[in-house]
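Comments concern the structure below.
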Amino acid sequence: MSKIKLTGHGSGSGTLTIQAPDTDSARTITLPDATGTLLNSDGDGSSLTGANANRPNAKPLIINGSMAVSQRATSVTGLTNGSDVYVALDRFGFNEFGSPSSQHTMTQESLTSGNAYINGFANALKMDVTTAQSSLDADDSTMIIHKFEGQDLQLFKKGTANAEKFTLAFWVKSTKTGTHICELFDKDNTRTCSQSYTVSSTDTWEHKVVNFPADTTGIFGDDNARSLDINWFLSAGTNYTSGTLQTSWGGQDDTARAVGQVNTVDSTSNNWHITGIQLEVGEYSSTTIPPFQHESYGDNLSRCQRYFYKTSAVANMPFASGVCNGTTNARALLTYPQIMRANPSMAKSDNTHFKVYCGGTSVDTTSVGFYYGNTQQVLLYVDVSSGLTDAESCLIIDDSGANAYITGDAEL
Amino acid sequence: MITSVKKLNVDGVFSNSYLLTLENGNTLYVPKDEANTDYQAILEWVADGNTIEEAD
């Protein structure tokens, strides 16, 4: 071991220690030709600048960017004009404007090969065109959308003199090659910024790193409301393409939002896939982009359940516990696994899928409703024809067919 | 597309929840919470001239 001791005017000294290699191979340490500090005194590396500098965010900003969670369904057909936004993969929706006639199947795709797979992604979102639309009406557009709460975006310092740039990276595979458009849409201030990316090879996974400028105008609200959307266009009529692509932040001008977007819905042979989505604070290139922050499935699911929760369908599974209120009604409390973003909308499977278990007997339900609730729990009101015992404790259970489910939806 | 919205009472008292029926026949129990996007849709639906039904 060799040491170089540096002394100044004071009594202390700085020591640079180089450990002698225990090998016949030579070792080389290269200090950069730059001004700066390599490591903090505690060695945490937060003073590093460059590719793998510490992120200001501990968790990935995009929820479910690995496409591992799909609580609602793993495949939904017939997505078209008027369809619900969220149908399959958590936190990623299908959105459309105008009256597009194209129809799509959204699938949580299991990957077993390809560049995305060998880079650690076992799942993807796949959009399969099942009804083609080769001629788009001017106001038609289709896209995949991801929405953020403003309180999760304060680290971008948007609307201030210190506003940060955005870098969006993702793996994409598209049958249609050529120019595609992705967009940031500031919903608080109705400002947009679009960037293009090029799909070079048909049906081949490609990694894209897309830079968006900082915006010193328009702050994101520090609350649980929708502040920012990311849109990946699949198709766009001339109302969205007739201008010049707005690559700097500016007020919403639809004609400048998707200029150059290829029509990915013009053939039933077309598919479009995406996974490994990350949004980073600052500007990165394909060589400096920090690695994707993989989460455990459990952590990912928990973050998704802030926005949507679906109970498991298991035979005889109890959903909620409560008390009988007379002989034909029971009231039971369902607690969500996560505190939800907002008081959620509740839905359920058919009434016949539920029973009330009371005093050793299971009784068929005639109605199941959701009344008083908040972001943590909801009270179920369940009616039966007869057979309950007043003031007895009870469980609301599946009818043994594993068909019953309850959902809570607090999406943005 | 919303086709109807009805107030939900419990023991004769408004429970701050609505039963929303959609064009496809699906129903949702929607709380009176301005952060809930379905409640936001109800407010827009009312602003368009529609009326919320009273509870049964």
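Restricting attention to region A:302-349, the residues being over 22 Å from the mean Cα position of the chain (by Cα), among the aliphatic types (A, V, I, L, M) and part of a loop (DSSP other than H, G, I, E, B) number 4. For beta carbons closer than 6 Å, sequence separation of 6+ or different chains, a first residue in region B:27-53 that is farther than 19 Å from A:T375 by Cα and at pLDDT 95 or above and a second that is among the charged types (D, E, K, R) and not in a strand (DSSP E or B), there are no qualifying pairs.
Which of the residues spanning region B:7-21 are more than 9 Å from chain A (Cβ to nearest Cβ) and either closer than 28 Å to A:F148 by Cβ or under 11 Å from the mean Cα position of the chain (by Cα) (or both)?
If the condition is that a residue be more than 9 Å from chain A (Cβ to nearest Cβ) and either closer than 28 Å to A:F148 by Cβ or under 11 Å from the mean Cα position of the chain (by Cα) (or both), then B:K7, B:Y18, B:T21 are the ones that fit.
Restricting attention to region A:186-208, the residues that are in contact (Cβ under 8 Å) with a residue 60 or more places away in the chain and farther than 20 Å from A:I289 by Cα total 6.
Report yes if some residue within region A:237-250 is closer than 27 Å to A:Q154 by Cα, touching a residue at least 40 places away in the same chain (Cβ under 8 Å) and outside any loop (DSSP other than H, G, I, E, B); otherwise report no.
First, pick out the residues of region A:237-250 that are closer than 27 Å to A:Q154 by Cα: A:245-250.
This time we only want the ones that are touching a residue at least 40 places away in the same chain (Cβ under 8 Å), so: A:245-250.
Imposing the further condition that a residue be outside any loop (DSSP other than H, G, I, E, B) reduces the set to A:250.
Yes, the conditions are met somewhere in region A:237-250.
Here A:S367 clears all of (1) touching a strand residue (DSSP E or B) at 6+ places or on another chain (Cβ under 8 Å); (2) within 14 Å of chain B (Cβ to nearest Cβ); (3) in a loop (DSSP other than H, G, I, E, B) except the condition numbered (3). Here A:T268 meets the list (1) β-branched (V, I, T); (2) closer than 30 Å to A:N343 by Cβ; (3) part of a loop (DSSP other than H, G, I, E, B) almost entirely, failing just condition (2). When A:T287 is tested against (1) within 24 Å of A:N81 (Cα to Cα); (2) out of contact with any Leu (no Cβ under 8 Å at 6 or more places or on another chain); (3) not charged (D, E, K, R), just one condition goes unmet, and that condition is (1).
Taking into account only those residues within region A:395-412 that are within 14 Å of chain B (Cβ to nearest Cβ) and part of a loop (DSSP other than H, G, I, E, B), which is surrounded by the most Cβ atoms within 10 Å (Cβ to Cβ)?
Initial filter on region A:395-412 (within 14 Å of chain B (Cβ to nearest Cβ)): A:405-412.
Subset that is part of a loop (DSSP other than H, G, I, E, B): A:405, A:410-412.
On the way: A:Y405: 18, A:A410: 26, A:E411: 22, A:L412: 23.
Applying the filter and picking the extreme gives A:A410.
For region A:355-378, residues that are closer than 12 Å to A:N329 by Cβ and of a type outside the set (S, T, Y) total 5.
Could you please let me know if A:V265 is modelled with pLDDT of 95 or more, farther than 24 Å from A:I63 by Cα and crowded, with 18+ Cβ neighbours inside 10 Å? The answer is yes for A:V265.
Counting only residues that are among the small types (G, A, S) and away from chain B (no Cβ under 12 Å), region A:327-358 holds 2 of them.
If the condition is being buried (at least 22 other Cβ atoms within 10 Å of the Cβ), away from chain B (no Cβ under 14 Å) and under 20 Å from A:V265 (Cβ atoms), then region A:67-106 contributes A:A88, A:L89, A:F92, A:F94, A:P100, A:S102, A:H104, A:M106. Picking from residues in region B:22-56 that are surrounded by 15 or more Cβ atoms within 10 Å (Cβ to Cβ) and in a strand (DSSP E or B), the one that is farthest from the other protein chains (Cβ to nearest Cβ) is B:L22. Might you check whether a residue that is buried (at least 17 other Cβ atoms within 10 Å of the Cβ) and in contact with a Cys (Cβ under 7 Å, 6 or more places away or on another chain) occurs anywhere in region A:297-308? So far as region A:297-308 goes, no, none of its residues is buried (at least 17 other Cβ atoms within 10 Å of the Cβ) and in contact with a Cys (Cβ under 7 Å, 6 or more places away or on another chain).
Considering A:T130, A:T142, which residue is assigned to a strand (DSSP E or B), surrounded by fewer than 20 Cβ atoms within 10 Å (Cβ to Cβ) and polar (S, T, N, Q)?
Being assigned to a strand (DSSP E or B), surrounded by fewer than 20 Cβ atoms within 10 Å (Cβ to Cβ) and polar (S, T, N, Q) holds for just one of A:T130, A:T142, which is A:T130.
Among the residues making up region A:330-345, a single one is over 27 Å from A:F148 (Cα atoms) and surrounded by fewer than 17 Cβ atoms within 10 Å (Cβ to Cβ): A:L333.
Taking first residues from region A:127-155 that are farther than 30 Å from A:D223 by Cα and partners that are among the acidic types (D, E), the Cβ contacts under 6 Å between residues at least 6 apart in sequence or on separate chains come to A:A132/A:D266; A:S134/A:D266.
The values are calculated or read from the model by the stated rules, or taken from the named source; none is laboratory data. Computed from a predicted model, the values in this text were never measured in an experiment. Note: ideal-geometry Cβ built from the backbone for every residue, glycine included; neighbour counts use all protein chains shown.
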